[in-house]
There are 2 protein chains.
Amino acid sequence: MSESKSTLYDVGDGMAGCGPIFPEGGFEKNSLRKQVFEHVRGNGSVARSDIARALSISAGSVTGIAAELIAAGLIQEIEDPDREITVRGRPPVALAIVPDSFHVIGIHLANERHSAILTDSIGTVLAETTHSACAPKRPVSDLIDEIILLVTDLLKIAGMALNQISAIGIGIAGLVDHTTGTVAWSPLLSEANVKLAGTIEARTGTPVFIDNDANIVTLAELWFGGGRTNSNFAVMTVEHGVGMGLVLNNRLFRGARGMGLELGHTKVQIGGALCRCGQRGCLEAYLADYALIKEAASALDLTAIGTEKNTMERLSAASKSGDPAAQAIFENAAKYLILGLANIVQLFDPGLIIVSGGHIRYDNLDNIDLGAEAHKLTLNSNINACEVALHAWDGLVWARGASALALSAATDYFTRESR
Amino acid sequence: MSESKSTLYDVGDGMAGCGPIFPEGGFEKNSLRKQVFEHVRGNGSVARSDIARALSISAGSVTGIAAELIAAGLIQEIEDPDREITVRGRPPVALAIVPDSFHVIGIHLANERHSAILTDSIGTVLAETTHSACAPKRPVSDLIDEIILLVTDLLKIAGMALNQISAIGIGIAGLVDHTTGTVAWSPLLSEANVKLAGTIEARTGTPVFIDNDANIVTLAELWFGGGRTNSNFAVMTVEHGVGMGLVLNNRLFRGARGMGLELGHTKVQIGGALCRCGQRGCLEAYLADYALIKEAASALDLTAIGTEKNTMERLSAASKSGDPAAQAIFENAAKYLILGLANIVQLFDPGLIIVSGGHIRYDNLDNIDLGAEAHKLTLNSNINACEVALHAWDGLVWARGASALALSAATDYFTRESR
DNA sequence: AAAATAAATTTACTGTCTGAAGTAAATAAT
DNA sequence: ATTATTTACTTCAGACAGTAAATTTATTTT
């Protein structure tokens, strides 16, 4: 009946290539040129005949498109190292992405520190840097200076120039309109409705794409993590706040008007706990790190010394050494985590939910079968069980997701029709 | 700041044409043939030059496509009755759908009664019929017999034969997989995983399309109701149960695996009220008709005599004549309705939510600004307020929605490429 | 009647992709 | 060794969807 399970894995799945692995055919009417490029990138190295079969297109088209992509310097023929020589017939010629055909930068802007990476066209990280940030709520001009500094530093490390960068992707906490590149609101900015993408584009002369942190984490999963082999999955992020991202048909779903998926502020109790947004009964108010720390401060002797991370670690240690109050806090949070998962399943029906975040490291969630528990709270327990995976990330995931944003845009650009 | 408002209107908006009115261009890569057809149908009567401007395509293409559609008997040139003769230049020639170019049937299957309509290609109802049903949980063969009887009756009334019907759309309560045409579970059926569409297709020789009741109500809004002018909106249905439908970019959103949007069974309270699904804390358990009736039975002297509708009417009368218990019941339900709306806004961010259902007739919701109330429970109150509209439907809406399902499929068929 | 204007049509052309025929390079059978 | 078979890849004519520009048509204004 129920086949749900929880797994804990790390970014980087050891598979060849990067980017989502599209199932045969592909639903959307992307140009064949782009489809072929993405198929090669997704699979690492494939022969023309494989591409034709996988995408259900004619062999002639593949030849023509491959020739164009080779001429453009985007892909190349390679010696396939692990080819079976036992089959007869003309041996296939493997195609692979030319890694240094273009480069992109991915940037994550956060309260405490900014991180940035520089990758080639298959997402290999060539350089990375981290700058600490302190002043919250600064004017735009200050943040832009920080970004430029970050980029300059990164380029110096990589030994490259700005004009060698095809696109810059930026992830920032807050409300971001991806289509217009504006930040409606952010904890980092003292101003509202900032046209951040446009401004940086003007400063750098490079196309800039921007999205919120939940979406870039989701993109990181789609491009480099557990979502690669799934066309439909959700990501639930539990850190300082609670967020989510959704991938439908290998594409990021951003809600009807680009501002949805605020899972942390869906109401799970009328007149419930007070949330930092000022309202009551938000899921976040029962589950996010800051909510647990608030509880810990009143129930235990954990006063607010040290960082959030530090406090969470102490709370976790107390729980593991048998402190009943600490255990109760984590148990209650787990209940609400499961409730959140169940509501995601009920509304979006994904095949996989990746629970991503910092405090799941401290929680003793390994002992709980989250998938089975969430399943108990959903309708029709006998069909379509949803897999739940835990994913404790490292600090680079945000920047990697931002680089995926840039990679995706650069891919569109280089594989567009009638170049 | 907040510009939300609640309005009460009825199906049938008095506008020309039917079907969603697509904004210029159109996002998807539908064939121009289909785009032109849908534009003509959506606007009632338009000249070729208008089409070219509206869809941003060349005039030559419109000429060619219009010629094909005219040759196929799908559209025709008409005398535009209200044309302004004051403009100089060659007068435009209006194009319009040929109403009897094809016909479809829409069927709604429910616990108490089935209804069916027969419409032409612009959705005009040419015949309707209603059969009462009683036995719940019957075998598939019985239900199919009922459907065949319904169709036979309908065709007799319309004076038409089965081979004149291009498609049949069916709406049924339960869990329906639209893509495969199977009913995973339904209160009407004693069996599970029934390939209903295929079986009826075999019996009638006509293409059959099937979806659940929430989706066909949403389709009814998209094709004939308040959603026609909105590309993105949600429908929340409150009747015996609580459901929802979502339209994104003029298309029905069915969740990642076709089984999402079960708003009624999202949890809004841990360990809360017992729902008919057997779990606790479902939104439905606080809001659906059956939940209110259960409360009424214990708090008032309203024993379960008569139909659900009858009981709701008596509860409503008690509330309006000042009974505090009845008023409290409605007030509590309204709170949860608003909570449901807020969660929809938070997750999907639609521009419009249509609240559709029977008991909103009895509730004194007219006095509440639902949009404003829901807005108070959502993040970022100053931007993107969501409009909330009440829509008390009549009994035919379900069948109309089912006919839209058929109309949509027939349109695809007749306007497909290389006929 | 001539000029102006707008709608619709025709024509030549482009880009994308397919399908069929042909070529290339390997193994298996004789 | 030679031939057959198999599979991979290439070439090329053509279908098809669509555009852009020139042309024809129908009407009003001057």
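Screening the stretch A:26-137 for strands (runs of 3 or more DSSP E) wholly inside it with 2 or more residues that are more than 11 Å from DNA strand D (Cβ to nearest atom) returns the ranges A:75-78, A:94-97, A:103-109, A:113-120, A:125-132. Would you mind stating whether residue B:278 is part of a loop (DSSP other than H, G, I, E, B), facing chain A (nearest Cβ under 7 Å) and at pLDDT below 90? Criteria not met by residue B:278. Taking first residues from the stretch B:38-66 that are of a type in the set (A, V, I, L, M, F, W, C) and partners that are outside any helix (DSSP H, G or I) and surrounded by fewer than 18 Cβ atoms within 10 Å (Cβ to Cβ), the Cβ contacts under 8 Å between residues at least 6 apart in sequence or on separate chains come to B:47/B:80; B:47/B:92; B:47/B:93; B:51/B:57; B:52/B:58; B:54/B:24; B:55/B:24; B:55/B:25.
Residue by residue through the stretch A:121-147, note down the ones that are closer than 30 Å to residue A:72 by Cα and surrounded by fewer than 14 Cβ atoms within 10 Å (Cβ to Cβ).
Result: A:124, single match.
With respect to residue B:161, is the statement that it is more than 22 Å from residue B:120 (Cα to Cα) and assigned by TED's automatic domain parsing to the domain that holds residue B:139 true? Against the criterion (more than 22 Å from residue B:120 (Cα to Cα) and assigned by TED's automatic domain parsing to the domain that holds residue B:139), residue B:161 does not qualify. None of A:41, A:33 is at pLDDT 85 or above, within 12 Å of DNA strand C (Cβ to nearest atom), under 26 Å from the mean Cα position of the chain (by Cα) and open to solvent by less than 50 Å² (accessible area, probe 1.4 Å) except A:33.
Here residue A:179 fulfils each of the conditions (1) within 14 Å of chain B (Cβ to nearest Cβ); (2) under 17 Å from the mean Cα position of the chain (by Cα); (3) assigned to a loop (DSSP other than H, G, I, E, B) apart from (2).
Looking across the stretch A:198-212, the residues that are open to solvent by less than 60 Å² (accessible area, probe 1.4 Å) and over 17 Å from residue A:116 (Cα atoms) come down to A:198, A:199.
Of all residues assigned to the stretch B:338-361, at least one qualifies as being away from chain A (no Cβ under 14 Å) and either in a loop (DSSP other than H, G, I, E, B) or acidic (Asp, Glu) (or both).
Residue B:378 meets the conditions (1) assigned to a helix (DSSP H, G or I); (2) within 14 Å of chain A (Cβ to nearest Cβ); (3) among the polar types (S, T, N, Q) in every case but one. The failed one is (1). Of everything in the stretch A:358-406 that is modelled with pLDDT under 80 and aromatic (Phe, Trp, Tyr), the residue that is nearest to residue A:206 (Cα to Cα) is A:393.
Okay, residues lined up against (1) within 11 Å of another protein chain (Cβ to nearest Cβ); (2) open to solvent by less than 10 Å² (accessible area, probe 1.4 Å); (3) farther than 24 Å from residue B:39 by Cβ:
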| residue | (1), (2), (3) |
| --- | --- |
| B:230 | yes, no, no |
| B:237 | no, no, yes |
| B:248 | yes, no, no |
| B:252 | no, no, no |
| B:270 | yes, no, yes |
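Filtering the stretch B:72-92 for residues that are away from DNA strand C (no atom under 16 Å from the Cβ), at pLDDT below 95 and more than 30 Å from residue B:264 (Cβ to Cβ) leaves a non-empty set. Those strands (runs of 3 or more DSSP E) of the stretch B:214-273 that lie entirely within it include none in which at least 2 residues are outside the structural domain of residue B:336 (by TED's automatic domain parsing). When A:55, A:95, A:118 are checked against the criterion of being open to solvent by less than 70 Å² (accessible area, probe 1.4 Å), more than 15 Å from DNA strand C (Cβ to nearest atom) and not assigned by TED's automatic domain parsing to the domain that holds residue A:155, a single residue qualifies: A:95.
What are the residues in the stretch A:330-359 that are of a type in the set (Val, Ile, Thr) and open to solvent by 10 Å² or more (accessible area, probe 1.4 Å), if any?
Residues satisfying the conditions are A:338, A:345.
The values are calculated or read from the model by the stated rules, or taken from the named source; none is laboratory data. As the structure is a computational prediction, the values presented were derived from the model and not from experiment. Cβ atoms come from the backbone with ideal geometry, glycine included; neighbour counts cover every protein chain shown. With ligands, DNA and RNA removed, areas are computed over all heavy atoms of the protein, side chains included. Shrake-Rupley method; radii C 1.70, N 1.55, O 1.52, S 1.80 Å.
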